[in-house]
Every structure is written in structure tokens, then in C-alpha cells.
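The next block holds one structure in the form of C-alpha cells; read it before the comments.
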């Protein structure tokens with residue numbers, strides 16, 4: 001099988017670019033710790049309200065961890081608990097969330113906080129809120145008639 | 001060579017079956033297109049649906065009709081005709097199986113559609129558990145898939161007969177490509193068939209109480225990514241093997257075309273995790289591994305891009321074009337059979353680049369489930385693929401019905417292509433930008449309690465409605481052309497163009513037809529990418545989920 005010289009150059013260039021892309025993404029994920037949300041903890045979806053940390057939704061100060069606060073959300077059709085929360089500017093926060101019924105999304109618009117919430121699983125992401133303002137949390141996975149009404153608010157305050 | 005292979009015309013008995021597929025496909029396009037228009041109008045905030053129709057109901061109709069029905073029916077019809085044209089008329093047995101396949105698919109479509117219309121299945125075309133639809137919906141989808149297997153079996157039978165009659169010879173390129181796509185489809189649909197048959201059907205019938213959500217989603221996405229390549233490969237068939245003939249040029253390299261299709265078979269399937277990058281319950285190392293495999297599939301796309309432009313340039317230079325880009329001007333821009341698929345091809349450049357962004361592991365967090373993704377697949381599937389399908393129809397439909405594409409229809413077809421392109425620039429462009437600002441996909445109009453961020457999205461949603469309206473005009477135009485070509489165009493002979501390789505001496509290596517080898521590697525890659533994560537999911541499974549019906553009834 002004959003491969004034209006120009007095609008060889010094109011493919012070497014293309015594959016080289018892919019290797020660079022993958023290396024950048026891989027180093028960022030595994031060396032710098034920017035892995036996509038992939039929490040492996042499971043939970044009984046029927047007992048969410050009674051199990052820690054979901055028995056206390058909202059912002060909770062924690063000690064002796066890599067983050068200062070845990071921001072706990074319980075999602076269900078078609079609301080998040082809490083519906084509104086204030087977070088101190090610059091705080092390092094671990095967002096922990098799960099769902100009591102169907103699959104929901106959890107996205108803080110204008111940030112990289114974006115994860116799926118699936119019944120039976122906890123999902124989490126660590127982030128630093130370093131810009132003041134009001135952020136909209138939206139459900140970005142279809143969950144039923146009220147899907148477009150499902151939202152919450154994060155106020156980052158000084 | 002057997003006498004059948006030299007036949008330039010598809011046998012009318014095969015043509016009839018292909019046309020049956022196209023009727024269903026274009027009816028799906030008409031209805032699905034109307035739903036799409038309504039969605040963009042609702043989301044602009046200026047319009048509300050009458051008579052208690054629910055936004056998510058029409059969204060389900062749009063997704064099922066466009067993503068599953070239009071594509072599957074068109075592809076099976078086209079491939080059935082392409083195999084008949086290049087590997088010889090189908091045998092009566094193969095044709096019978098394909099007819100059964102057609103009717104099973106049609107019955108399945110009607111079953112699923114009925115449940116959606118009755119508001120028993122507002123679960124969108126991805127039907128993620130634990131949203132629980134009526135069991136007839138799931139059974140209907142099963143029929144669509146089983147029917148497509150029968151359709152595929154007919155193509156495989158005719159290909160096998162050609163191979164037996166022509167030992168030691170590489171099969172006709174178009175037939176080879178059709179078989180690759182059929183085989184990929186069969187391997188891929190095993191995933192969705194498993195979740196529907198073993199999880200969702202027993203659960204919706206009440207035989208079991210709960211469903212494992214993550215396993216169901218993983219089986220779905222094992223199918224969901226090759227699904228998009230199943231849409232794309234018929235377009236590649238047209239670009240590689242048909243367009244060169246239409247412009248009067250040659251296929252750049254027959255062997256490389258085959259190699260690229262084999263790479264698609266190998267790397268389209270073990271990559272479903274890149275749709276699940278932000279999901280819990282899957283180890284990030286396995287996600288990254290599948291991201292690497294996903295990037296492999298870019299290689300055959302790069303090969304395709306090179307071949308196509310090489311064909312164009314060589315043709316242009318043979319016509320005396322000079323300079324670096326002189327060849328571009330001499331391409332047959334007045335021929336809809338070329339121009340319309342070309343618009344599709346050109347759209348695949350930004351579309352593919354967007355796809356690389358989506359699949360880039362943690363970068364997916366920026367766009368996951370935002371309307372950026374909707375914008376992405378309206379460039380890939382709804383522009384590159386669909387415009388190429390339209391371009392195919394402009395010669396295939398009259399070829400099968402014994403009619404001619406008239407000058408007037410050719411002109412209208414070119415206008416249709418540009419109308420579609422302009423509509424899509426507005427709609428898909430606005431979707432991409434809104435997605436980057438965080439606007440969610442699959443959502444009705446909402447200001448989210450007058451949130452400042454959500455209010456910023458509304459101008460983009462209005463732009464989408466403008467684009468959606470232009471696109472709907474495009475749908476009306478294509479329907480006019482289709483009906484003309486099927487029923488009213490003057491009688492005549494329209495060519496089924498099949499390209500020839502530039503270098504006829506160079507025979508494709510026979511290893512390309514070694515299915516044991518390629519299916520073996522496909523299986524190994526799938527086992528490598530999925531076995532351990534799957535065992536993890538089963539061993540660490542949480543308590544199952546009961547079903548929910550979170551949408552209203554009539």
C-alpha cells in the first residue's frame with residue numbers, strides 16, 4: 001500500500017498534534033490534580049436524608065482537611081437543597097452532592113463546576129471561589145417537566 | 001467478474017425497498033423538523049405551545065425522529081442500494097430479509113411514537129433510567145434495532161456472495177464500506193439492546209423493581225458514540241467513493257479509504273466514557289484511557305480530509321488550474337450533487353474541532369450538557385451528515401424512480417444547501433456561544449428567577465429561533481425536491497455515480513477483508529476498555545433505583 005509523501009507529512013503533523021493535546025490534558029489531570037469529577041462513593045438513594053453529610057445540606061466549616069468548607073447539596077425533582085447559599089470569597093470548598101430520585105446535572109454557570117448526579121452515587125469537586133458575585137446553579141440533565149425551573153444560587157461574598 | 005457487478009443500474013426490486021426506507025426517513029424529517037422549529041420558538045421566550053403539549057414531549061419526538069429514525073432508515077436504504085449497485089442485485093432471500101427488517105423497524109417506530117404522543121414516554125431519545133417510560137416504548141426501540149440488524153444481514157449476504165464468486169479479489173469499495181458500517185452498527189447496538197432487553201423492559205413491565213442506573217448508562221454510551229459514526233460513515237462513503245466521480249476526478253487511494261474505515265470500526269466503540277466524563281462511579285484512569293482511544297479515531301478523519309482535498313486539487317489541476325488554490329474555482333459549484341455535500345464537508349472542520357474539545361477529559365467540564373453540545377452535533381449530524389444525505393438523494397432518488405434531476409430542481413437544491421448553512425450558522429453558532437456561558441441543553445425557556453446570568457442567555461436563544469426558522473425553510477425546500485424526484489420529475493436515467501481509483505494497478509491488500517482479524521481486534525479493544533470498569537460497577541453497585549415518571553400525563 002502506497003502512502004503519498006504529503007499525506008505522510010500531514011499525518012505525522014496531525015498525530016503529533018494529538019499527542020501534544022493528550023499530554024497536556026493528561027498532565028493537567030493526573031499531575032496537577034484536575035481530574036474530572038469521578039467520586040466512587042455510593043449511597044442508598046432512599047436514605048439520603050439521614051446519611052452524613054446529606055443530613056446537613058448547606059455550607060459546613062471543616063477542620064483538618066485540604067479544604068475549608070464542605071458545600072453539601074441534595075438534588076431531587078425539581079429542586080436543590082439548599083436553594084441559596086453564601087460562600088466567603090477565596091474559600092476553598094468541596095462541593096458534595098447526590099440525588100434522591102432521577103439523574104440530575106449540577107452546573108455552576110460561568111465556572112468549571114459541572115458534574116452529573118446519579119441515584120446511588122455521590123459526586124464531588126473541589127474548587128476555590130475567587131470571584132465575588134452571584135452564581136446560578138442549574139440542572140443540565142433532563143429530569144422531567146420542571147427541569148428548566150430547577151436551580152439554586154451561590155453568593156460569593158467578602 | 002460476474003455479470004451482475006457490471007450492471008450500472010440498481011435493480012428495480014432493490015430500488016423499491018430503498019425507496020420505502022427513504023419515504024419513512026423523509027416523513028421523519030418533516031415531522032422532526034417541525035418539532036425542532038417549535039423548540040427554538042419556545043426557547044426564545046416569545047411563544048408557548050398550545051393544547052397542553054409539553055416542551056419535553058416535542059423534544060423527545062425531535063430526538064427520536066431525527067437521531068434514530070431519519071438516520072437509520074436513510075442509511076439502511078442507501079447502503080442497501082449501494083451494495084446492490086456495486087456487489088450485484090440482492091438475492092430474493094436477502095431481499096426478503098431486508099423487507100422484514102424494514103417492516104419491523106417501521107412497526108417499532110410506530111410503537112415508540114405512539115407512546116411518546118400519549119405522554120407515556122417523555123424521556124428523550126436517550127431514555128436515561130430511572131426515568132421510566134411505558135414498556136411499549138422500549139419494545140418499539142428494540143424492534144427498530146432488530147429490524148436494522150435484518151437490513152444489515154441482507155447487505156452482508158450479498159457481500160459474502162460477491163466474495164465467494166470473486167475469490168482473491170478485493171470487494172467493491174462502496175460495498176466494503178457499507179459492510180464495515182453495518183458490522184460496526186451490529187457490534188455497537190449489542191450495548192443498547194442489552195440494557196433495553198435485560199434492564200429496562202423487565203423493569204418497565206414490573207418483573208423487577210429496580211434498575212442499576214450506571215450500568216444502563218454505560219451500556220447506552222457503549223452504543224451512543226459508535227451511533228454517531230454510524231451516521232457519519234455513509235457520508236464518508238459519499239465523499240470518498242462518489243464525489244470523485246461526480247466532479248469527474250478519481251479516488252485518491254482505494255487502499256487508504258479502506259484502511260480509514262477499518263480504523264473507524266476499531267476505534268469507534270471502546271470510547272463511550274468520553275460521554276460520561278463528569279459522572280460518578282467510574283475511575284478517572286479508565287476515563288482517560290478511553291479519551292486516548294477516542295483521539296485515535298481522529299486519525300482516519302485526518303486521512304479522509306487529505307484524500308478529499310487531494311482529489312479536488314488533482315481534478316482542478318487536470319483542468320488547467322494554476323496557483324496554490326486555483327483548483328478550488330474550477331470545482332463544479334453549479335452541481336448540487338457536489339456543492340451540497342461539500343458544504344457538509346466544510347462544516348466538518350469546525351465540527352470535528354469542537355468534538356476534540358468535548359472529548360478532552362477534564363475540559364469536558366466546561367461544556368458538558370450545555371447547549372454547546374447541541375450546537376456541536378447540529379454541525380456534525382445535522383449539517384455534515386444530513387447535507388450529504390440530501391446530496392445523495394438528489395441522484396439516488398431519481399435513479400431509483402427512473403426520473404431526472406431537472407435544472408430547476410438542481411438550482412433549488414443548491415439554494416437549499418445554502419439556506420441550511422445560513423440557518424445553522426445562526427442556530428449552531430448561538431448554541432456554541434450560549435453553552436460557553438453555561439446555558440444548559442434540553443431545557444425549556446426559563447429565566448431561572450430572573451437570574452442575571454440566565455438573562456444574558458436570552459439573546460442567544462432568540463438567535464437560535466431565527467436560525468431554527470431559516471432551517472425550517474430549508475426543510476420545506478428539501479421536501480419539495482424529494483417529492484418532485486420521487487413522483488413528479490420527468491422520466492429519464494439518472495446516474496448512480498461510483499468513483500474509480502486513480503491507480504488501478506494498486507490492488508487493496510486482501511488483509512482488509514479478513515473479518516476474523518478485524519472483529520478480533522475490535523473485540524479485544526472493547527474488552528480492554530470496558531472489562532475492569534464494568535466489573536467495578538457491578539461489584540460496587542449501590543442499591544438499585546425504582547422508576548420515576550416526572551412528567552405530566554394528558
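Overall shape: prolate for chain A, with the ratio a/c of the largest to smallest alpha carbon gyration tensor axis at 1.5 or above and a/b above b/c. Once you sort the root eigenvalues of the Cα gyration tensor of the range B:139-201 as a ≥ b ≥ c, which label holds: rounded (a/c under 1.5), prolate (a/b larger than b/c) or oblate (the other case)? It is prolate, given that a/c is not under 1.5 and a/b is the larger ratio. Three principal axis extents of the range B:313-395 based on alpha-carbon atoms, in descending order, are 50, 31, 13 Å.
Helix B:407-436 and the long axis of chain B differ in direction by around 30°, with both axes built from C-alpha atoms. Per residue of chain A, the DSSP helices (runs of n ≥ 4 H) give a summed -39500 (n - 2.57) that works out to -6000 deg cm²/dmol at 222 nm.
On C-alpha positions alone, give me the angle between the axis of helix A:5-30 and the longest principal axis of chain A, in degrees, nearest 10. With rounding to tens, the tilt is 30 degrees. Kirkwood analysis of the Cα pair distances in the protein assembly as shown returns a hydrodynamic radius of 26.3 Å.
Given all pairs of different Cα atoms, what value in angstroms does the Kirkwood hydrodynamic radius of chain B take? Taking every pair of different Cα atoms in chain B, averaging 1/r and inverting gives 24.1 Å. Take every DSSP beta bridge whose two residues both sit in the protein assembly as shown; close to 65 percent of them are antiparallel.
For the range B:66-141, the percent of C-alpha pairs falling in each 10 Å distance bin, counted from 0 to the bin holding the largest distance, reads 18, 40, 24, 15, 3. Computed from the Kirkwood radius of its Cα pairs, the Stokes-Einstein diffusion coefficient for the range B:235-387 at 25 °C and 0.890 mPa s stands at 144 µm²/s. To the nearest ten degrees, helix B:12-43 and the longest principal axis of the Cα atoms of chain B are 40 degrees apart.
Here, each number is a calculation from the coordinates, and none is a lab measurement. A quick note: this is a predicted structure, and the numbers were derived from the prediction, not measured.
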